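The numbers here are math on the coordinates, done by the rules we state, and not lab data. Being a predicted model, the structure only gives us computed values, none of them experimental. Backbone-built Cβ (ideal geometry, glycine too); neighbour counts: all protein chains shown.
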Amino acid sequence: MKTATRLAPLAPKLLIAAPELAALALLDRALAIAERALIAEHPLLAEEPAPGSVEPPCLKQARLLLGSTRPLRRALARYRLAVRRSLLPPQSDHDLPF
């Protein structure tokens with residue numbers, strides 16, 4: 001399992017410009033906690049199931065849930081990056097070194 005990445009602090013100026021980032025940061029942390037809780041409850045989630053094995057329903061559903069949290073967390077990270085980039089001042093031709 002990958003360790004959770006630390007999010008950059010949400011500065012007040014950033015929250016004024018993009019208040020949705022606060023809710024999305026909470027969602028991201030909640031998903032990270034849910035991933036850890038699922039793995040704590042179902043240690044077999046850290047391994048791939050054996051081919052042809054039949055998993056108990058809770059483990060099967062936990063595996064599906066865990067599989068859906070990771071793409072969502074990546075989407076949240078991409079959104080955060082897009083917002084931060086959109087808030088940067090546009091570069092002009094005057095900024096070019098040549």
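A few remarks follow.
- Residues of region 36-69 that turn out to be over 30 Å from residue 24 (Cα atoms) and in contact (Cβ under 8 Å) with a residue 12 or more places away in the chain, as a count: 1
- Count - residues of region 41-77 that are surrounded by fewer than 13 Cβ atoms within 10 Å (Cβ to Cβ), of a type in the set (Gly, Ala, Ser) and under 19 Å from the mean Cα position of the chain (by Cα): 4
- Selection count where residues are of a type in the set (A, V, I, L, M, F, W, C) and within 16 Å of residue 73 (Cβ to Cβ), scope region 11-31: 8
- Count of residues meeting criterion [part of a helix (DSSP H, G or I), without any contact (Cβ under 8 Å) to a residue 12 or more places away in the chain and of a type in the set (A, V, I, L, M)] in region 10-29: 4
- If you go through region 78-89 and pick out every residue that is under 18 Å from residue 31 (Cβ atoms) and loosely packed, with under 14 Cβ neighbours inside 10 Å, you end up with 2.
- Among the residues of region 90-98, not a single one is surrounded by 13 or more Cβ atoms within 10 Å (Cβ to Cβ) and assigned to a helix (DSSP H, G or I).
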